[in-house]
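Below is one structure, written out as structure tokens; comments come after it.
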Amino acid sequence: MTTDPAAPAAIRQTSGPQRSLSARLVFVAAIWSAVALALAGIFLVSLYQRASERAFDAQLEIHINALISEMLQTDVDGSPATPRAQVTAPSYRGDPRFSLPLSGWYWTVRRADDPSILYASQSLVGDPLNAPAIGQDDTSAGFIVGPKGDEIRVLQQRITIEDVPYVIAVGASTAVFWAEVSEFGRLVALTLCIVGIGLILAIFLQVRIGLRPLGRLRASLTAVRQGEADRIDEALPREIAPLAVELNALIVSNREIVERARTHVGNLAHGLKTPLSVIANEARASGGPLADKVSEQAGIMSTQIQHHLERARMAAQHRVIGVSCETEPVLSRLIRAMDKIYRDKGMEIGFDQQEEIRFRGESQDLEEMGGNLIDNACKWAGSRVTVRVAPLIDPASNRDMFAITVEDDGPGLTPGQRAEAVKRGRRLDETVPGTGLGLSIVADLVALYGGTFDLDGSDLGGLRARLVLPALRKE
């Protein structure tokens, strides 16, 4: 979008980013899904680790039970009813790794009250297992540093033989254990990532499909705003259908109020014009100073009534919802009319509009404002008038606006004369035909539409008149 080089600092094309409701919903859902899936992954890996530890300890317990069975042998001392247990040195090789030096699988047997090792597996090759002391509990499990500096999972069990407490310890390297846990965690992370991506895509589709009726509502509102439809489509889901119904009721109410205002304005105009005409005619017929004064004041009253009735009409039209028009056809039509009116002056009227712009208002109001400015420029110009239309954006409200700039090569005005020119009914030269209401009507109309109107010097040597009016945002 281009900007008018003469645009004041208050209005520039500085459109800020707009927040998307669907993007916000998808973002929040994605963050929540990511956090939930991450917590679920941590929980699953923790469960798997605990299950693996129990399975690992169960395997070590099997070896402990096998060692206990080797340590116990039963002899009969003459009486079959009194068996006597005694300790036998175990030579357990239930797993080949117990025989391989520093294989990571070890077992030891010691007395509970003596830290020295009584029996040990061949894999220890004389190194201590450094198992922690066991309390009065029958079994305990934990992690220690093995002979090779690697981590060892140790399961210890306390038994009593012939009133002598023994502690049997079996340890195994956790390298394979942690490798399995890591592999499981990697597979869980990969699976949850795929699930998360699929979930985010599903959420995105759900949001897009779920918010589609809002898009239809916006399109229907746009059609009403542009004057292409007179009501909003109410065939919407039941959650937002009441909104469409209320908006339609608001549109109907607005139109009824405007229509009543127009009716009252018309009635007032007819009610006042006839008595004023009678007063003026009687005064002109009577003659004399009093009649002249009455005729003069009746003319002023007629001008005042015309001005305020016109302003009321403009205000009523401005409040009609869904009214807009294209600027190029209206201004082109005005320029063609002025070419014919001022043909004898050899007037050259230039027109420049680079892109389509829609005025958010009545075409009659645009004709009133543009016609007054172009006509005024043609009256005072020497031979040249230029009309330029350019889009703008108001940074304060982010509203779409556009500027109409009319310049001429006439004598121009001083700063004081420019301020006087827009006052209601003030004329700077009585030799030029007109009522003097043109520029004041333009100023009133611009104020009703929330725009700006200013006069300044022109690069052509004459006067530059500039209007800033609301535009219809392009969809």
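Backbone geometry of the range 39-52 corresponds, through the Karplus equation with coefficients 6.51, -1.76 and 1.60 at θ = phi - 60°, to 3J(HN,Hα) couplings of 5, 5, x, 4, 5, 5, 5, 5, 4, 5, 4, 5, 5, 5 Hz, x marking Gly and Pro. Ligands, DNA and RNA excluded, the heavy atoms of LYS148 present near 120 Å² of accessible surface to a 1.4 Å solvent probe.
Computed from label points 7 Å out along Cα-Cβ, the spacing between LEU272 and ALA189 is 8.2 nm. The 1.4 Å probe gives accessible areas that order THR191, THR108, largest first, as THR191, THR108.
Whenever you get a sec, compute what percent of the accessible area on the range 197-285 sits on carbon and sulfur atoms (1.4 Å probe).
Numbers: 3800 of 6080 Å².
Within the range 197-285, the accessible surface is 63 percent carbon and sulfur.
Compared with the rule-of-thumb size 2.2 N^0.38 Å for a compact globular protein, the range 167-231 has a Cα radius of gyration ratio of 2.60. Scanning residues 5 or more positions from GLY361 or on other chains, those with amide H under 5 Å from its amide H are SER324, CYS325, with H placed 1.01 Å from N in the peptide plane. The figure for ILE42 is an accessible area of roughly 110 square angstrom, using a 1.4 Å probe on the protein chains alone.
Taking the Cβ-Cβ separation of HIS264 and LEU205 as r and a Förster radius of 41 Å, what is the calculated FRET efficiency to the nearest 0.05?
Values: r = 54 Å, r/R0 = 1.31.
Taking R0 as 41 Å, the efficiency between HIS264 and LEU205 is 0.15.
Sorting MET301, MET369 on solvent-accessible area from highest to lowest, probe radius 1.4 Å, gives MET301, MET369.
For ARG255 and LEU214, the FRET efficiency from 1/(1 + (r/R0)^6), where r spans their Cβ atoms and R0 equals 25 Å, is about 0.50. Looking at the range 238-299, the trypsin sites (Lys or Arg not before Pro) that sit in a DSSP loop and have at most 13 other Cβ atoms within 10 Å of their own Cβ are ARG238.
Protein-only accessible surface at a 1.4 angstrom probe places the residues LEU276, LEU67, LEU413, LEU268 in the order LEU268, LEU413, LEU276, LEU67, largest first.
Taking the solvent-accessible surface of protein heavy atoms with a 1.4 Å probe, what is the per residue accessible area of the range 163-247 in Å²? Provide the component values of the computation, followed by the final result.
On the way: 5150 Å² over 85 residues.
Heavy-atom SASA per residue in the range 163-247 reads 61 Å².
Backbone amide hydrogens, once placed in the peptide plane, bring LEU72 within less than 5 Å of THR88, excluding anything fewer than 5 places away on its chain. Using θ = phi - 60° in the Karplus curve 6.51 cos²θ - 1.76 cosθ + 1.60, the 3J(HN,Hα) couplings for the range 241-257 round to 4, x, 5, 4, 4, 5, 5, 4, 5, 5, 5, 4, 4, 4, 5, 5, 5 Hz; x is entered for Gly and Pro. Residues whose amide H falls under 5 Å from that of ALA229, counting only those 5 or more places apart or on a different chain, are VAL224, with hydrogens built in the peptide plane. Between ILE279 and ASP344, the modelled label-to-label distance comes to 3.7 nm, taking each label 7 Å out from Cα in the direction of the beta carbon.
Taking θ as phi - 60° and the Karplus parameters 6.51, -1.76 and 1.60, the scalar couplings of the range 379-396 work out to 5, 9, 5, x, 8, 9, 9, 10, 10, 10, 10, 9, x, 9, 9, 7, x, 5 Hz in sequence order, x denoting glycine and proline. Rolling a 1.4 Å probe over the protein chains gives PHE177 an accessible area of about 10 Å².
The values are calculated or read from the model by the stated rules, or taken from the named source; none is laboratory data. All values derive from a computational prediction rather than experimental measurement. A quick note on method: Cβ atoms are made from the backbone with ideal geometry, for glycine too, and the neighbour counts reach across all protein chains shown. Just so you know, the surface numbers come from the protein's heavy atoms only, side chains and all, with ligands and any DNA or RNA stripped out. Shrake-Rupley method; radii C 1.70, N 1.55, O 1.52, S 1.80 Å.
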